[in-house]
Amino acid sequence: LDVSMDMWNFSYTCLVSLWLHRFYIYSVIALGISLWIVVQFFTTKTKKKGEKSNGNLSSEVVEDKLVNGYAALQAKEVYVAGVKIFYGSQTGTAKRFAKGLAEAVISLNLPVEVISMGDYDPDDCLAEETTSRNICVFLVATYTDGQPTESAAWFCKWLEETANDFRFGKTYLKGLRYAVFGLGNSVYVDHYNTVGRNIDRWLWMLSASRIMTRAEGDCNVAQSKHGSIEADFEAWKTKFLSCLQALCRGERKPCSGKCKKGKCKSQGKQSNESSDHEHRASEYENTEAEELVETSSEEEADAEEAGGTNSVIDVEDLGNIVSHMKKAKRERELEGDVGTSLSGEAAERKEAGEKREMITAALREALTKQGYKLIGSHSGVKLCRWTKSMLRGRGGCYKHTFYGIESHRCMEATPSLACANKCVFCWRHHTNPVGTEWRWKMDQPEMILQEAIENHRNMIKQFKGVSGVKADRFEEAMTARHCALSLVGEPIMYPEINRFLKLLHQHDISSFLVTNAQFPDEIRNLEPVTQLYVSVDASTKESLKRIDRPLFKDFWQRFLDSLKALSEKQQRTVYRLTLVKAWNVDELKAYADLVSLGKPDFIEVKGVTYCGESSASSLTMANVPWHEEVVRFVQELAELIPDYEVACEHEHSNCLLIAHKKVRL
């Protein structure tokens, strides 16, 4: 009994003591729980971070779930499938940087491919990167006079032309993610890193997405931000790898494109560093480049004005120069004005009868940017896209199908950029000079032909070694055997057109000349050409005025006289009909009457090419006839002219040929 009492007293004493010290006990328990929570938090966070760092691998299994008693494997979304590093190098620096970057990417367990731009065909392959989930990195050096290196020349040329070709569209490379690092030397202020800036701009114009702001390495140690171009690259590489890891985890989105003046919202301070570096190289170029690189809406608006959207190009891949329309117009007004605004020097030139040049400075700059090789003060030559196609063993243009003209041996040129019409479907949107007579300085035909051939050869040379180009066709293309005088303007306006044609034929170059049927006397006086074209854009006075909008008041009589003059020519002649739905496709009987007037050997009928919106024209895609509609028009027209029959078809160009039965082989 005593023992029981002692035990009870002891238990009672312990319980009372615990109760009296309960607050201390609660505190200890709370502290222990808090420590446990903290330890669990940091342990879990470290574990998740380690899992995420390896979570970019394609189809990696990240967790098991029990479904109906079975383990189902759930694959994590792949944010980055791999990295492709493109380099354009002359001395080997960019190539060395590319290999160094590849090694760093491999350490992140990512597939990587290093590609020389000279061994890559962007025409066939680049669009695939829009859906590949790869990151494309461009390490490009700027060479002499701001030009790309030899290995990158074709890639850059293709990218520029694609960015300015309405047929590809503004979203051609949407989905492609990229980063650009340029290599240059700020000693050459005027051309510092122009290639990297251009590639960045052209990709952006095609709706590709930057993953980080463009960076530039400087060989000029005195101006290099980090002391050398190697240090510049290493600093950029560190930021790139950090960005790449974030993309792999799905934590980072491409540049929003709404940044300005080098302040990239989605990239933090990196853009500021880039803009500071650009400022030291050239304050003017810095402002211009930042506006182009760091904005999307403004840049695309600039691209539209510069000919980088749907408002460009004709069937022969012509570039548009709308952005300089107003500036060129002001210059023409200043140069042509005879009022009080003439300066003393200009007045003296006028009194002396000195004529001005056809191509203004603004027009020359814009046309050059669009790929024209301008000759003298009023001529030009440009490489046709069909030439490029046939160099690669692909198809030729309709002239090849209809007449056997080999596109890779064809030179597209004009001795006159001026025209006497303002057609609603004009691919230049009326930015070229206009006039009813020659009133400009005139270059000699010998000089025009010599420079045309030289410029054409130089453009062909750029295809040497390009992937896909056939060696035999490249060699043949170096010697032009045909000249299409239909590039732009009205070649028959050139006062020395006969001498020019004679020189062409002396060089064993055949000639196709196109005129807009407003110069009947010039047609009569024209020396024989291989094939003489007259554009018959409408068959009635009202529709011709509405479509061609000619400058001559007596345009209809001139039109009819031109067709009569064509019938008198003892050579091959062609009518060229351009069909504009809802404008001129219902005039079959009138067209048949015009055929009997001009008696052409051939009639080419083609659907109009839509060249984008323009304040100068109300045409839309609804005005472009389907190929089936063109075929039906041709068949119905052929029934009205019994001496003719349908001879050939080139569906790609939406074009058919009607031939006189006398030329049937």
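The values are calculated or read from the model by the stated rules, or taken from the named source; none is laboratory data. Just so it is clear, the structure is predicted and the values come from calculations on it, not from any experiment. Backbone-built Cβ (ideal geometry, glycine too); neighbour counts: all protein chains shown. The protein model used for the area step is the full one, side chains on, heavy atoms only, and it has no ligands, DNA or RNA in it. Shrake-Rupley method; radii C 1.70, N 1.55, O 1.52, S 1.80 Å.
In square angstrom, what is the accessible area per residue of region 491-572 with a 1.4 angstrom probe?
42
Strictly over 27 Å apart at the Cα level, which of Lys502/Lys564; Lys545/Lys662; Lys470/Lys606 would you flag in this model? Walk me through the intermediate numbers first.
On the way: Lys502/Lys564 24 Å; Lys545/Lys662 33 Å; Lys470/Lys606 30 Å.
Those over the limit are Lys545/Lys662; Lys470/Lys606.
Please state the shape class of region 74-128: rounded when a/c is under 1.5, otherwise prolate if a/b exceeds b/c and oblate if not, all from the C-alpha gyration tensor.
Working: a/c = 4.60, a/b = 1.41, b/c = 3.27.
Here region 74-128 falls in the oblate category.
Taking 0.36 nm per residue of sequence separation and subtracting the Cα-Cα distance, how much length would be gained by fully extending the chain between Glu636 and Trp8, in nm to one decimal? Write down the numbers at each step before the final one.
Details: separation 628, 0.36 × 628 = 226.08 nm, distance 12.16 nm.
Taking Glu636 through Trp8 to full extension adds about 213.9 nm, to one decimal.
Just how many % of Cα pairs in region 361-660 lie over 38 Å apart, if you round to the nearest whole percent?
On the way: 3912 of 44850 pairs.
Value for region 361-660 (Cα pairs over 38 Å): 9 percent.
Give the shape of region 82-249 as rounded, prolate or oblate, defined through the alpha-carbon gyration tensor: a ≥ b ≥ c are the square roots of its eigenvalues, a/c under 1.5 means rounded, and otherwise the shape is prolate if a/b is larger than b/c and oblate if not.
Details: a/c = 1.68, a/b = 1.12, b/c = 1.51.
Taking the square roots of the gyration eigenvalues as a ≥ b ≥ c, region 82-249 is oblate.
How big is region 562-608 along each principal axis, measuring the range of its Cα positions in Å and listing the largest first?
In descending order, the Cα extents are 35, 18, 14 Å.
Loop only by DSSP, 14 or fewer other Cβ within 10 Å of the Cβ. Give me the trypsin sites (Lys or Arg not before Pro) in region 382-415 that pass, ordered by residue number.
Numbers: sites: Lys382, Arg385, Lys388, Arg392, Arg394, Lys399, Arg409; in loops: Arg392, Arg394.
The qualifying sites are Arg394.
To the nearest 20 Debye, how big is the dipole of region 82-249 about its Cα centre, given +1 on the beta carbon of each Lys and Arg and -1 on that of each Asp and Glu?
On the way: 18 positive and 20 negative charges, 145 e Å.
Taking the Cα centre of region 82-249 as origin, the dipole is about 700 debye.
Just the C-alpha atoms of region 360-496: what Rg/Rh do they give, with Rh taken as the Kirkwood radius? Numbers along the way, then the final one.
Details: Rg = 15.6 Å, Rh = 15.8 Å.
Rounded to two decimals, Rg over Rh is 0.99.
Can you give the accessible area per residue of region 378-458, in Å², using a 1.4 Å probe?
On the way: 2510 Å² over 81 residues.
Per residue, region 378-458 has an accessible area of 31 Å².
Taking region 82-249, how many lysine pairs are there with alpha carbons less than 22 Å apart, if each pair must be eight or more places apart or span two chains?
Taking region 82-249 as the scope, the lysine pair count is 16.
Just to be sure I follow: if Rg is taken over the C-alpha atoms of region 512-633 and Rh is the Kirkwood radius over the same atoms, what is Rg/Rh? Numbers along the way, then the final one.
Details: Rg = 14.5 Å, Rh = 15.0 Å.
With Rh from the inverse mean 1/r over Cα pairs, Rg/Rh is 0.97.
Rounded, prolate or oblate, given the Cα gyration tensor of region 436-491, with a/c below 1.5 counting as rounded?
On the way: a/c = 3.11, a/b = 2.56, b/c = 1.21.
Cα axes put region 436-491 in the prolate bin.
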